[in-house]
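Notes follow the structure.
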Amino acid sequence: MYEPRHSRPITAGKFVLRIAGHAGLAFLLIGVSLLIGIAGYMRTEQMRLLDAFLNAAMLLGGMGPVKTEGLSDSGKLFAGLYALYAGLVFIAVMSIMLAPVVHRVMHRLHWEDKEGDVP
């Protein structure tokens, strides 16, 4: 996926494009996760779209659900499982966004400019 250790690091422009690709993947994961949360809250608690969005977004953002009282058993089960899923999504999104940065730093630290390398 990334350039090998013995090749020259990519240019700044290509690195920005790599970051943009990773950001797109992260936003896609967040969007799909938000849709799962909205659908789950609408199905288990018969919440309106805006209320379901708010609860799902708050869980994905790490703040916790807005509505916690009066949930049905199926709603409680969904909210708990979705909260666990949201925590994993947070870790995944951070990994997706940090991977190119960490790789670039490590690549620059371990790459040696050799005579005759083409820039």
Of (1) aliphatic (A, V, I, L, M); (2) surrounded by 12 or more Cβ atoms within 10 Å (Cβ to Cβ); (3) under 21 Å from the mean Cα position of the chain (by Cα), Val32 satisfies every one except (2)
Note on region 56-80: residues under 18 Å from the mean Cα position of the chain (by Cα) and either in contact (Cβ under 8 Å) with a residue 24 or more places away in the chain or at negative phi (or both) are Ala56, Ala57, Met58, Leu59, Leu60, Gly61, Gly62, Met63
Test: Ser95 is at pLDDT 95 or above, crowded, with 16+ Cβ neighbours inside 10 Å and either in contact with a His (Cβ under 9 Å, 6 or more places away or on another chain) or assigned to a helix (DSSP H, G or I) (or both)
no
Gly64 vs (1) modelled with pLDDT under 95; (2) exposed (fewer than 14 other Cβ atoms within 10 Å of the Cβ); (3) part of a helix (DSSP H, G or I): all pass except (3)
Scanning region 39-59 residue by residue, the ones that are within 15 Å of Leu81 (Cβ to Cβ), of a type in the set (A, V, I, L, M, F, W, C) and either modelled with pLDDT under 95 or surrounded by 17 or more Cβ atoms within 10 Å (Cβ to Cβ) (or both) total 2
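Right, Met106: closer than 30 Å to Ala12 by Cα, assigned to a helix (DSSP H, G or I) and either in contact with a helix residue (DSSP H, G or I) (Cβ under 9 Å, 6 or more places away or on another chain) or of a type in the set (Asp, Glu) (or both) or not?
So Met106 fails the test.
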Expected single match for within 21 Å of the chain's Cα centre (by Cα), within 30 Å of Ala52 (Cα to Cα) and not in a loop (DSSP other than H, G, I, E, B) among Ile19, Ile38 is Ile38
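The values are calculated or read from the model by the stated rules, or taken from the named source; none is laboratory data. None of the values given here were measured: they were computed from a predicted structure. Here Cβ is always computed from backbone atoms with ideal geometry, including for glycine, and neighbour counts include all displayed protein chains.
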